[in-house]
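Read-outs throughout are calculated quantities, based only on the coordinates presented, and are distinct from any laboratory measurement. All values reported here derive from a predicted model rather than from experimental measurement. Don't worry about glycine lacking a Cβ; one is built from the backbone with ideal geometry, like all the others, and counts go over all protein chains shown.
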Amino acid sequence: METDCTLKSSIHPLDADNEPDLNDKPKKAEIRIIAYSAALLGFLLASIAFFERPIIVDDGVMYLDAAGHLLAGDLRGAYHIYSRLFYPALIAATSSMASLPLEESAWLVNSLFNALLAYCFVSITGMLGANRQTLLFSAFLILTLPEIVGWRADVIRDPGFWAFHMLSVLLFLRFMKAGQIPHAIGWGATAVIATLFRSQGVVIMVLLPFVLLWVSPGPIRQRVRLLIKAHTVTLVTFAAIGVWALFGPAIDLSDYTLGGHPLLEPLQRVESFLNSVPEAMADRVSLVSRAIPRDYATLTLTAALALILMKKFAGIMTPFYWPLYLIGPLRCAFRAPRAFIHVMVWLFAINLCILLVYLIPNFDLSTRWMIPATLILLLPVPFFLSAALDRWKSRNSLSRWERLLYPILALGLLYIVLDGFISTSPSKTYLRDTGHWIKENLPEGGKLFSNNRRIDYYAGYPVDWGWAASPIATPEFRQQVRDAHADMYAVQAKDENSRKLALELLRSESLKPLREFTNGDDWVIIYGRADDQTAAPSRPGILE
C-alpha cells in the first residue's frame, strides 16, 4: 500500500494525461458549485456570528477610529492612529457606498473575507485531486474549524490576509498548470493585496515562485523564464515604488504615526531579529544553565521553541485532525500531484521561517499569525476524512479495534462543531453596556479616565492613541489616576485581586462609587468626583 501511495503522489502536475485516477472525480463545474456553496455558507455564518456577538475587540477600535478619520478626509489623522490604512480604507469605502455605520461595514467586509477563505480552501483541495466527498469534507473543515470560527465575529484584519493569501496560492497553482501571463498577474496581484493586510506577505510574494526552479519541466532556461513571469507583478510593483521614491512628490507622514512604515516592516523585523536574537538567546542560555549543564542549555531552548510551535499547531488543528497524519491507510489517501506537494512544503517552510522571526525573540506567538501555515497543514485532512468514511463503509473487513476508531472520529468531528459554534466563555458585552451608561451619565464636556479603549469607544469618548494605562498593581497606574483629574473613572479589573486594588485606589482618592458592571469573570468599576451630582446609585449596582 505504501508503494502504491508513493507512485500515485509522484505524478507531475503539468502533465494533464497523468492526473491521479480518483474515484468520483468531479468536473470543474462541480468543484465551483461546492466552492461557491462553501463561500455562501461562510458569509452567512460570519454574519450570524456578528449579530450574536455584537462587540468589537481592542484592535477593532483602532481600525474603526482610523476609518472614521478617512471618511472625514483626515488622512494624517488616520495615519496617526494606524499606519497600514488598507483595511480601514475598505471599511470606510464600504460605509460610504452602502450607507452603513462603520461597525456594520467592518462586519460586512469580514463576512466577505470569510466567504473568500472558504472558497479558496475548497478550490485548492479540488486542484489537489479531491473527489466530491473530499470536497464536502473540505468545506466542512474550513467552516467549522474552531480557531477560524472564534475570530469570525471580530473586527480584525487577519481574515483579509488569510483569504487573499489562500487566493494567491490558488492562483499560483493555476499559473503552474497554465504558465500564462494573465495567471501570473492574478497570483501577483492577490499576493500584493495580502501584503496590504500583513507585510509578511511580501516575503511569500518574493520567495514562493522560486519553487518553479525545481518543480517545472524543461531545461533550466525555461524554468528561469517561468520564474521571471511569476514575478511580473512583483517586479512592476518594486519598480513603481523605486520610481516614486526617486521622482515622485515627497509625502512625509512619519510625524503622524505611532508605528513604522508598513513597506519597511519585513526589513525592520529581520533587522530586529538579527540584532536581538543573539543577545536574547545568550541571556536565556545563561538562565537555563543555572539548572542544567551549559552544554545542553542551547539544545533545551531549541527544544522549547519546537514544543511551542508544535503545541500551537496541534491546538489550531484540534486533537482530532493532527492524529490523522499518524494513520497510514488514511495518510495514503492523499495522492496529490508531486509538484503541488512541493509547493505546499515550500510555502509551509516560508511561513515557518516568518513565525520564527516573531517567536525566537519573544518565546510566544499569537495563534492568528499561525493560521496561514496551519491551513497548509490542514489541506490533506479532507482526504484523510474521506478515506476514513470509505473504510467505515466496508467496516466488515476491518478488525474490531479499527471499527471502534471511526465512531470515535465521528464523535470528535461533532465535538469540533460544538466547540466552534458554542462559546462557554463569559460575554464581553458588559463593556458595551458600560460605555453606553457612561455616554448617558458623563457631564457634557466632562473628562473620562479609562484603562480599556473599548469603553472609550462605546462611550463615544475620543481615544488617546498616544497613551496607554499601566497595570493596576503598579505605582505607575496609581500616578496615572492621580494625574487624570477626570470627572469619571472607569477601571476594568480582570481578576478579583485587581478589583480589590482598584477599589482601594479609587476610594483613597476621595472618589464616590457610581456603578459596577460585570460578566461574572471580570469587572468595570466606575467612580466619579465626590462633588459630582451624576444621577446614579450611591453604591455600586451590578448589571449581569
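Of 428/500; 312/500; 439/512; 28/393; 28/229, which sit over 24 Å apart, Cα to Cα? Beyond 24 Å: 312/500; 28/393; 28/229.
How would you classify segment 429-543 from its alpha-carbon gyration tensor, with a ≥ b ≥ c the square roots of the eigenvalues: rounded for a/c under 1.5, else prolate if a/b is greater than b/c, otherwise oblate? Verdict is rounded for segment 429-543. What the phi angles of segment 36-43 give under the Karplus curve with 6.51, -1.76 and 1.60, with θ = phi - 60°, is a coupling list of 5, 5, 4, 5, 4, 5, x, 5 Hz, glycine and proline written as x.
Please work out whether segment 294-371 counts as rounded, prolate or oblate from its C-alpha gyration tensor, where a ≥ b ≥ c are the square roots of the eigenvalues and a/c under 1.5 means rounded, while otherwise a/b larger than b/c means prolate and anything else oblate? The shape class here is prolate. The simple Förster model, with R0 at 30 Å and r as the Cβ-Cβ distance, assigns residue 241 and residue 27 a FRET efficiency of 0.10.
Along segment 188-198 the Karplus relation, 6.51 cos²θ - 1.76 cosθ + 1.60 evaluated at θ = phi - 60°, assigns HN-Hα couplings of x, 5, 5, 5, 5, 4, 4, 5, 5, 8, 9 Hz to successive residues, with x for each Gly and Pro. Exposure proxy ranking for 152, 478, based on other Cβ atoms within 10 angstrom of each Cβ and starting from the fewest, stands as 478, 152.
In plain terms, the residue of 154, 419 with the fewest other Cβ atoms within 10 Å comes first and the most crowded comes last, giving 419, 154. Between residue 93 and residue 53, the simple label model (points 7 Å from Cα in the Cβ direction) yields a spacing of 2.8 nm. Note on 498, 450, 510, 111: ascending count of other Cβ atoms within 10 Å places them as 510, 498, 111, 450, the fewest first. Taking 19 Å as the straight-line reach from the Cα of residue 27, the lysines in range (excluding those fewer than 8 positions away in the same chain) are 177. Computed from the C-beta positions of residue 306 and residue 367, the FRET efficiency with R₀ = 22 Å rounds to 0.80. Coupling constants for segment 370-379 follow from the phi torsions by the Karplus curve (6.51 cos²θ - 1.76 cosθ + 1.60, θ = phi - 60°), and in residue order they are 8, 4, x, 5, 5, 4, 5, 5, 7, 4 Hz; glycine and proline get x.
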